[in-house]
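Each value in this text was obtained by applying a stated rule to the coordinates, not by laboratory testing. All figures in this text were calculated on a predicted structure; none of them were measured in a lab. Here the Cβ positions follow ideal geometry from the backbone for every residue, glycine too, while neighbour counts run over all protein chains shown.
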Amino acid sequence: QVQVVESGGGLVQAGGSLRLSCTVSRSFFTSNALGWYRQAPGKQRESVARISVGGSTNYDDSVKGRFTISRDITKNTVDLQMNSLKPKDRGDYCCNRSPKPRYSCWGQGRQVTVSS
């Protein structure tokens with residue numbers, strides 16, 4: 001069973017910044033590419049950013065240049081730094097294996113709300 005602890009998120013004005021952090025079990029961390037997913041109200045879940053075991057990153061076009069995903073192998077964490085936030089970035093964010101999510105975190109992630 002994968003152990004996951006997420007933190008961060010909250011409410012911010014448009015243009016502001018927030019940071020999300022995810023700590024997972026060591027074996028899961030070292031064996032899988034990980035990423036952050038987002039689900040906005042009434043919309044489908046989407047992959048926002050992912051980072052491979054080797055550190056290569058990929059971003060959805062909607063967040064390129066604004067979001068940065070990183071991983072810390074000493075802490076088994078995957079962080080998502082979100083800058084220049086827009087109201088459309090609002091949603092429930094969770095980290096998981098990417099692609100092919102390994103466990104259900106939907107509806108249980110970190111809330112991000114961006115006011116205009």
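Observations on the structure shown:
- Stretching the chain fully between residue 30 and residue 13 yields a gain of 2.6 nm (0.36 nm per residue, less the alpha carbon separation).
- Full-stretch length increase - residue 1, residue 86 - with 0.36 nm per residue and alpha-carbon distance subtracted: 27.1 nm
- Sum of -39500 (n - 2.57) over DSSP H runs of 4+, divided by residues of the chain (222 nm, nearest 500): -1000 deg cm²/dmol
- Evaluated with a Cβ-only charge set (Lys, Arg +1; Asp, Glu -1), the chain carries a dipole of roughly 120 debye about its Cα centre, given to the nearest 20.
- Contact order relative to length of the chain, as percent, for alpha carbon pairs under 8 angstrom and 6 or more apart: 34 percent
- Spherically averaged projected area of the chain from its Cα convex hull (nm²): 6.5 nm²
- Pairwise centroid distance, computed over Cα atoms, of segment 7-57 with segment 86-104, Å: 6 Å
- Most mobile of 79, 89, 60 in a GNM of the chain (Cα contacts under 10 Å): 60
- Normalising by residue count, segment 59-116 has a Cα convex hull of 105 Å³ per residue.
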